[in-house]
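Undergrad: What follows is a structure written as structure tokens; I'll ask about it next.
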Ligand code: TXA
Ligand code: MG
């Protein structure tokens with residue numbers, strides 16, 4: 001099992017020795033290693049059992065570091081970075097040649113972000129290299145938002161989990177690439193498209209302009225081990241699965257009337273706040289997954305603001 005602790009010095013020492021360390025961010029925990037060293041990055045793919053074609057995000061602590069890794073940075077990218085960094089925004093830009101191909105899945109672009117978490121920012125400032133860090137879960141499974149989640153997934157494969165408490169946002173960063181000057185959302189995430197629009201009014205989604213590569217965005221992802229179903233109206237599923245051991249995940253607690261006797265129910269929010277729903281999403285999925293249900297039935301949340309990103313995760317979690 002990994003040691004869970006708060007020592008950035010210990011984390012830095014391990015990372016300087018080419019070991020992997022799980023690090024907290026405001027979105028989810030990352031499985032971090034030296035992002036400029038091929039052998040270390042190789043270990044990240046091995047621990048996660050991740051396909052080599054699914055590129056990683058490089059984490060840095062100050063905006064000027066972007067220019068060590070990327071080139072031809074459009075003004076629109078700078079505007080977004082200066083507004084939202086540190087924060088849950090990842091920028092995909094043309095890569096500098098020294099960035100190892102293994103970090104970018106062989107692409108000529110690199111993904112970069114500054115996470116908004118004090119411990120990890122301090123850690124990054126002690127290091128002379130960026131940290132490659134995918135979410136610290138096994139490939140395709142639920143992303144971790146607490147040290148305990150990391151421990152349960154990959155604790156037997158790493159030495160140290162830097163304990164930064166629960167992640168404040170709870171779902172991954174929003175990923176933005178560029179076609180010329182046009183920002184394209186490659187992955188919906190903790191920064192809502194509405195907020196991006198206020199800085200870059202010309203932003204489009206990949207559904208609107210698919211002329212950009214988005215590897216790693218599989219239809220199945222973020223999945224609990226237990227069978228997982230998501231629906232607008234969960235009532236018919238409760239009838240269909242009558243007699244089975246069912247866990248139910250609702251948006252708000254107050255729709256208990258539709259849910260029968262003996263069915264375990266928990267909710268993402270106390271009174272319908274979408275930020276709270278994002279904060280709780282993966283934690284609830286971990287909890288339900290541990291309870292041994294035959295099936296988990298979840299309800300979509302309102303499809304607005306960050307709810308678009310939550311619904312994206314629920315949909316992928318339910319795909320086979
Ligand atoms: O919030 C987050 O972004 C977290 C924390 C740890 O920072 N990290 C995270 O990493 O979610 P990961 O590896 O689970 O997802 C990164 C995704 C890849 O699956 C891929 O879809 C996209 O980022 N990506 C990375 N590099 C890319 C590139 N050059 N072009 C297009 N997409 C890229
Ligand atoms: Mg991930």
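Here, each number is a calculation from the coordinates, and none is a lab measurement. Computed from a prediction, not measured in an experiment: that's the story for all the values here. Ideal geometry is used to build each Cβ from the backbone, glycine not excepted, and the neighbour counts take in all protein chains shown.
Undergrad: Once all Cα-Cα distances of the range 93-244 are split into 10 Å bins that start at 0, what whole-number percent is in each one?
TA: 8, 28, 35, 21, 6, 1
Undergrad: Working from Cα positions, state the angle (0 to 90°, nearest 10) between the long axis of helix 75-84 and the longest principal axis of the chain.
TA: For helix 75-84, the angle is close to 60 degrees.
Undergrad: Just want to confirm a number: the relative contact order over the range 24-152, from Cα pairs under 8 angstrom separated by 6+ residues, in percent.
TA: Once divided by the residue count of the range 24-152, the mean separation gives 41 percent.
Undergrad: Provide the packing ranking of 41-49, 140-148, i.e. peptides ordered by the mean count of other C-beta atoms within 10 Å per residue, highest first.
TA: In decreasing order of mean packing, 41-49, 140-148 become 140-148, 41-49.
Undergrad: If you average the sequence gap of Cα pairs under 8 Å that are 6 or more apart and divide by the length of the chain, what percent do you get for the contact order?
TA: RCO, the chain: 20 percent.
Undergrad: Follow-up. Quick one: grab the alpha carbon gyration tensor of the range 53-174, order the square roots of its eigenvalues as a ≥ b ≥ c, and give me rounded if a/c is under 1.5, else prolate or oblate depending on whether a/b is larger than b/c.
TA: Cα axes put the range 53-174 in the prolate bin.
Undergrad: When a/c is below 1.5 the answer is rounded, else prolate if a/b is larger than b/c, else oblate, so apply that to the range 179-250 with a ≥ b ≥ c taken from the square roots of the Cα gyration tensor eigenvalues.
TA: Because a/c hits 1.5 or more and a/b exceeds b/c, the range 179-250 counts as prolate.
Undergrad: If r is the Cβ-Cβ distance from residue 271 to residue 232 and R0 is 22 Å, what FRET efficiency results, to the nearest 0.05?
TA: Once the sixth-power term is evaluated, E becomes 0.65.
Undergrad: With a cut-off of 20 Å, note down the residues of the range 152-195 whose backbone N falls inside the zone around a label point 7 Å from the Cα of residue 37 toward its beta carbon.
TA: Residues passing the 20 Å test: 157-162.
Undergrad: Cα centroid distance between the range 3-60 and the range 171-250, in Å?
TA: 25
Undergrad: Sticking with this one: Counting only C-alpha contacts under 8 Å and six or more residues apart, can you give the relative contact order of the range 81-205 as a whole percent?
TA: So the answer I get is 24 percent.
Undergrad: When ranked by the protection proxy of mean other Cβ atoms within 10 Å per residue, highest first, what sequence do the peptides 302-311, 85-94 form?
TA: Packing order, densest peptide first, comes out as 85-94, 302-311.
Undergrad: Also, quick follow-up: Given the DSSP H assignment, sum -39500 (n - 2.57) over each helix run of at least 4 residues in the chain and divide by its residue total; what's the result at 222 nm in deg cm²/dmol, nearest 500?
TA: Computed mean residue ellipticity for the chain: -8500 deg cm²/dmol.
Undergrad: Continuing with the same structure: Which value results when the Cα radius of gyration for the chain is divided by 2.2 N^0.38 Å?
TA: 0.99
Undergrad: Same structure again: Angle between the Cα long axis of helix 274-290 and the longest principal axis of the chain, 0 to 90 degrees, nearest 10?
TA: Between the helix axis and the principal axis of the chain, the angle is about 70 degrees.
Undergrad: Relative to the longest principal axis of the C-alpha atoms of the chain, give the angle of the C-alpha long axis of helix 307-318, reported between 0 and 90° and rounded to the nearest 10°.
TA: 70
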